[in-house]
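Engineer: So that we are looking at the same thing, I have put the structure below in structure tokens.
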Amino acid sequence: MNKKILSILKKKNKSKIVCLTAYSKNIAKILDKYCDIVLVGDSMANVLYGLKDTHKIQMENIIQHTQSVKKGVKRSLLVVDMPKGSYKNKKLAKKNAKLIFKLTKCDAVKLESNNKNHIIIDELVKSNIPVMGHIGFTPQFKKKFKIEGDTKKKVKKLLDEARLIEKAGAFSIVLECIAPNAAKLITKNSRIPTIGIGSSSNCDGQILVTDDMLGMSGFYPKFVKKYALLNRVIEKAVKKYTRDVKQHKFPTKKNFLNGSKF
Ligand code: KIV
């Protein structure tokens, strides 16, 4: 088994697993110093491409951004979202997962669940492809953003789904927008680590979309803590640059290129 995956598995019940998303090298390089897992999420649809949902993200988008992220990742586990439609059936899933691995040299792929996808996970794992599951609010299959697992019946369904995903051989599972008690129950009953987003601290690890926690995306539901307000920092810099250019203060002689000197 991949050593990085083994070390993630060993963290269960010992230390919290830190995960964030990246779509390009420069951010990935910073995350790599601190994160156990860097995810190239299909959230790039909203964050980078200004789309209303993740449905139009293609294999090409995912591959290109992962190739960039890979250049910044050395120690973290690099996980890649499989786009909607790319794992519709076993054969297609295997073909596309293999292509992602071949072209990006990532460590694992992530698949969202729609109650049946444990069958696909099983097939991929049998082909030695490491897989992360994803249950609860799964944007590729659900339209309305809402809390999952808020009734006994729904908790049971989530628990069953998590069990099937674990049995299929996934090495971890994302719990998105799952009620705290349900997240607690799933985490307690799984042998693989659970990674929460909007699912309370009752998970083995946490993930956020990096642009959200940096205050860049404009998407700030209650579960997102803004660790910076980068939008303000960037605006201040752009405003100063604009003023300098207009007032002939930039570039100055020290920014001129003389001869071959950079
Ligand atoms: O696409 C993504 O960024 C994700 C995380 C929110 C888990 O799937």
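Engineer: Here are Asp204, Asp160: which of them is within 28 Å of Lys226 (Cβ to Cβ) and acidic (Asp, Glu)?
Structural biologist: Asp204
Engineer: Against the condition at pLDDT 95 or above and among the aliphatic types (A, V, I, L, M), how does Ile119 come out, does it pass?
Structural biologist: yes
Engineer: Would you check if there is a residue in region 88-104 being within 12 Å of the ligand (Cβ to nearest atom) and out of contact with any Leu (no Cβ under 6 Å at 6 or more places or on another chain)? Even if it seems obvious, please write down each step before you answer.
Structural biologist: So the first thing to find is which residues in region 88-104 are within 12 Å of the ligand (Cβ to nearest atom), and the list is none.
No, region 88-104 contains no residue that is within 12 Å of the ligand (Cβ to nearest atom) and out of contact with any Leu (no Cβ under 6 Å at 6 or more places or on another chain).
Engineer: Of all residues in region 135-145 being of a type outside the set (Lys, Arg) and surrounded by fewer than 24 Cβ atoms within 10 Å (Cβ to Cβ), which is farthest from Ala162 (Cα to Cα)?
Structural biologist: The qualifying residue farthest from Ala162 (Cα to Cα) is Phe145.
Engineer: So which helices (runs of 4 or more DSSP H) are wholly in region 1-69 and hold at least 3 residues that are within 13 Å of the ligand (Cβ to nearest atom) and not hydroxyl-bearing (Ser, Thr, Tyr)? Outline the logic, then answer.
Structural biologist: Numbers: elements: 3-10, 25-31, 44-47.
Fully inside region 1-69 and qualifying: 44-47.
Engineer: Under the condition of being touching a Pro at 6+ places or on another chain (Cβ under 9 Å) and of a type in the set (D, E, K, R), which residue from region 6-41 is nearest to Asn189 (Cα to Cα)?
Structural biologist: For region 6-41, the residue satisfying everything is Lys12.
Engineer: Working carefully through the options Ala237, Ala228, find the one that is in a loop (DSSP other than H, G, I, E, B) and away from the ligand (no atom under 15 Å from the Cβ).
Structural biologist: After applying the criteria, what remains is Ala228.
Engineer: Checking Glu161 against (1) surrounded by 14 or more Cβ atoms within 10 Å (Cβ to Cβ); (2) in contact with a Lys or Arg (Cβ under 9 Å, 6 or more places away or on another chain), which single condition isn't satisfied?
Structural biologist: (2) is the only condition that Glu161 fails.
The values are calculated or read from the model by the stated rules, or taken from the named source; none is laboratory data. It should be emphasised that the depicted structure is a prediction, and the values quoted were computed from it without experimental measurement. Positions of Cβ are generated from backbone atoms using ideal geometry, with glycine treated the same way; all protein chains shown enter the neighbour counts.
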